[in-house]
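Please read the structure below before turning to the comments.
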Amino acid sequence: MKHIVIIGGGIAGMETACALTDAGHWVTLIEKEAQVGGKLNNWSYLFPDFTPVDHVKNVIQSKCIEKDFSILTNTEVNTIHRQNGKFNIETSGEQQLEADAVVVASGYELFDARRKEEYGYKIYDHVITSADLEQLLLPDGDITVAGGANPKRIAFVHCVGSRDEKSGNHYCSKVCCITGVKQAIELRKRLPDAEIYCFYMDLRMYGKNFEELYREAQEKYDIQFIRGRLSEASEKIDKSLLIKSEDTLSGRPLKMNVDLLVLLVGMEAGKGTKSAATTCGIGCEESGFLKTTDSFLKTNFSEQEGIFLAGSCTAPMSINDTISHARSAAMEVNNWLKMNN
Amino acid sequence: MQKEGKIQIWQDYQKEIADDHYFYVRSCIRQNFFPGAEQTFLKILRTELNKDIYENPHHTSCSGIGYHSDVVPFDTIQTIIARQFALMTEAGYQNLAVSCITSFGIYNEIIETWKEFPSELEKVRNLLKKATGREFEIPKNVAHASDIVYKFRQQIAELGKNRFINHYTGKPLKIVEHIGCHYSKMFPSKGVGGAEFPHVLVGLIESWGGEVVDYPERRHCCGFGFRQYLVMSNRGYSISNSRKKFESMEPYKPDAIICNCPGCPMFLDRWQYVIEEMEGKTYGENGQGIPVLTYEEMAGLVLGYDPWDMGMQMHQTNVEPLLDKMGIIYDPKLKYARKDGNIIGKPMMVNCGC
């Protein structure tokens, strides 16, 4: 029986672990947080069909329990050395592990919206991120603003920390557009009288049923889409927000008062992935995400033989894409182990 | 408004400000608009803080307004700046203290250009040498004069006789700060506190007892904006910009406006008078205007300097409401008096709020 160590206990790590256990391998999953599940633990409903996140999470977690592989929580990898075809791994919990292969599934971090200083996140009371809103969208979530009233006018800002020279992230985070559409519809359902605006550069509805949801947002839910980026937000004396933008379709500057501003934050490789790259001696793209050896045929292979990549540590990905990528990682590991015996 | 978020940003944008031995370059417009401001700054540094600050009478305008108005070419302004640096080098100084925000932006822009394009630096060295025979070193430290006041703000507070506390209510005075676009919008790292939530004036106001007003149009242009004002037919844009700011700050009932840049107090001060003339509207309490101060004047008031000695009679929006709130004793009869006590005559134009 071969031993595979997986770094990261989000959906990519869990799915890879399940598939490799199914293939008859012994798997140890290392997760730095107290519980597995990754970012999924902080989400409520999934695009494009509003599936409750618990549905996906419970299925994957039940599968993990059933497969009964080892999970080390509150643990990080300190060092990895390859010797005589084996990986010697030392963890922060002082465990010494010997593995035949390693899978990095260290995921991503959300862009810290404070870096877009002009939007006043963590300064103005009613500027929140899409991650914050996701918690408020739970049935017991409180979406009231100043004075306990429901917001009458809400604006979403797309591409916060993505496709943005100033924040140093030139890439598209892929999932924010459809997240914005999903969250705008959810807010409309909760607040039928509110005006809801989305400020966007492009709307990249690349996935199955994404475009349909975007159309529905306009036709059925009366969400207003304005092509223009926000230049700044400021707080008024009543805690509402003055936002400035340009409507680039009409070619006019635009100033609007809103009660709630939602920043659709993108994905970044994050400290976990950078640390995994250093520990494993594997390269990163200019974006900070981990480099794969081939963009088409070897998207699970790192630059180090025997170290594989799964999920959004390689690029921004939706949950569907992450699960598929994790399964393909498991298949590649399995094939590689067979070929190397 | 959560101050913790601002504090985080302020920590991210702290710059090195030289401790002593400054070569001072004046503003060409501040001396005309508020002539006592620069003298007050020099007095504070020399007599209160015992600092060495030198100015060479041969230094010139940086020509920044001409540059931003497209009448001074880039090669020309680079050479003018190189000459200022040559005067500094010849005098044995390395720390540049800049009075004007436009100049501060220009100095930073040109130094950064030389870092990015060393061939430009070599070209300018040759141009200056051929034209004047001079050579120069790039300053080790470039600070705006307000940065220096910021650095010593606590010391000034300790030496001070007055605070920005309402004499009648005991509450902090509410003060609007305006830093001037070229202070840090071009290079956020060159300004104390960055571009979006600059700390340079906030630090002064809070250290001296006041409370800062953060209002929606805080970042908006004062109304100078070079082309808005320099081209006469555009001046409607200038006053409408200033008006936008006044309308935005009015609900907060500010007691004063403090400015960083030589141009900003001019426009925020003078246009209040014009708006009163045009629309009968004033933005301060009891039909008065909102006094507009430079940071040097503000520091001078804290230190107990006589407002008329600092040239505050040059303000078109009366400063007396602020002086009264601060409990400053002044002689109204001497507002338009020379140093020998003779009255020079009251201006024909009625001041805002009179």
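A few points about this structure:
- Sorting B:Arg30, A:Arg327 from the fewest to the most surrounding beta carbons within 10 angstrom yields A:Arg327, B:Arg30.
- Charged side chains reduced to their Cβ positions (Lys and Arg at +1, Asp and Glu at -1) give segment A:113-266 a dipole of some 320 debye around its Cα centre.
- Long-range Cα-Cα pairs in segment B:14-145 (distance over 24 Å), rounded percent: 27
- Whole-number D in µm² s⁻¹ for segment A:1-138, Kirkwood Cα-pair radius fed into Stokes-Einstein, 10 °C, 1.306 mPa s: 94
- For segment B:223-237, Karplus couplings with θ = phi - 60° (6.51, -1.76, 1.60), whole Hz, Gly/Pro x: x, 6, x, 5, 5, 5, 9, 5, 8, 4, 5, 8, 5, x, 5
- For q = 0.10 Å⁻¹, Debye-computed log10 I/I(0) when each Cα of the protein assembly as shown counts as one equal scatterer: -1.03
- Helical runs assigned H by DSSP (4 residues or longer) give the protein assembly as shown a calculated mean residue ellipticity at 222 nm of -10500 deg cm²/dmol, each run adding -39500 (n - 2.57) before division by the residue total.
- Sorting A:Arg252, B:Arg26 by the number of Cβ atoms found within 10 Å of their own Cβ, with the fewest placed first, yields A:Arg252, B:Arg26.
- Ordering A:Thr314, A:Thr28 from the fewest to the most neighbouring beta carbons within 10 Å gives A:Thr28, A:Thr314.
- Between the helical axis of A:319-339 and the longest alpha-carbon principal axis of chain A there is an angle of about 10 degrees.
- Of the residues B:Lys281, B:Lys245, B:Lys174, the one that moves most in a GNM of chain B with alpha-carbon contacts below 10 Å is B:Lys281.
- Taking amide H as placed 1.01 Å from N in the peptide plane, B:Ile258 has its amide H under 5 Å from the amide H of B:Val176, B:Glu177, B:His178, B:Leu293, each at least 5 places away in sequence or on another chain.
- Take each residue of peptide B:205-214, count the partner chain Cβ atoms within 10 Å of its Cβ, and average: the result is 1.
- Loop chymotrypsin sites (Phe, Trp or Tyr not before Pro), segment B:154-235 (other Cβ atoms within 10 Å of the site Cβ: 15 or fewer; DSSP): B:Tyr168
- A cut-off of 5 Å between modelled amide H atoms, ignoring neighbours fewer than 5 places along the same chain, links A:Asp247 with A:Arg252, A:Leu254.
- Note on chain A: Cα-only Rg and Dmax are 21.6, 70 Å.
- Across every direction, the projection of the convex hull enclosing the Cα atoms of segment A:113-266 has a mean area of 8.9 nm².
- All Cα pairs of segment A:197-341, percent lying beyond 18 Å: 70
- Degrees between helix B:3-12 axis and first principal axis of chain B (Cα, 0 to 90, nearest 10): 20
- For segment B:31-47, 3J(HN,Hα) per residue [Karplus equation, 6.51 cos²θ - 1.76 cosθ + 1.60, θ = phi - 60°, Hz, x = Gly/Pro]: 5, 8, 6, 9, x, x, 5, 5, 4, 5, 4, 5, 5, 4, 5, 6, 9
- Degrees between helix A:11-22 axis and first principal axis of chain A (Cα, 0 to 90, nearest 10): 30
- Volume per residue of the C-alpha convex hull in chain B, rounded to whole Å³: 144
- Peptide-level mean, for A:116-123, of C-beta atoms on other protein chains within 10 Å: 6
- Reduced Cα scattering model of segment B:151-334, Debye log10 I(q)/I(0), q = 0.09 Å⁻¹: -0.30
- Computed from phi, the 3J(HN,Hα) profile of segment B:172-186 under the Karplus parametrisation 6.51, -1.76, 1.60 (θ = phi - 60°) reads x, 6, 8, 10, 8, 10, 9, 8, x, 4, 7, 5, 9, 5, 6 Hz, with x in place of Gly and Pro.
- Database remark: amide H of B:Lys281 closer than 5 angstrom to the amide H of B:Glu276 (H placed geometrically; neighbours at sequence offset of 5 or more, or on other chains; Pro and chain starts carry no H).
- Rel. contact order, % - alpha carbon contacts under 8 angstrom, at least six apart, chain A: 21
- Relative packing of B:250-257, B:337-344, A:185-192, B:95-102, which averages over residues the other C-beta atoms within 10 Å, highest first: B:95-102, B:250-257, A:185-192, B:337-344
Just so you know, all these numbers are worked out from the coordinates, no wet-lab data involved. This is a predicted model, so every value here is computed, not measured. Reconstructed Cβ throughout: ideal geometry from the backbone, glycine too, with neighbour counts over all protein chains shown.
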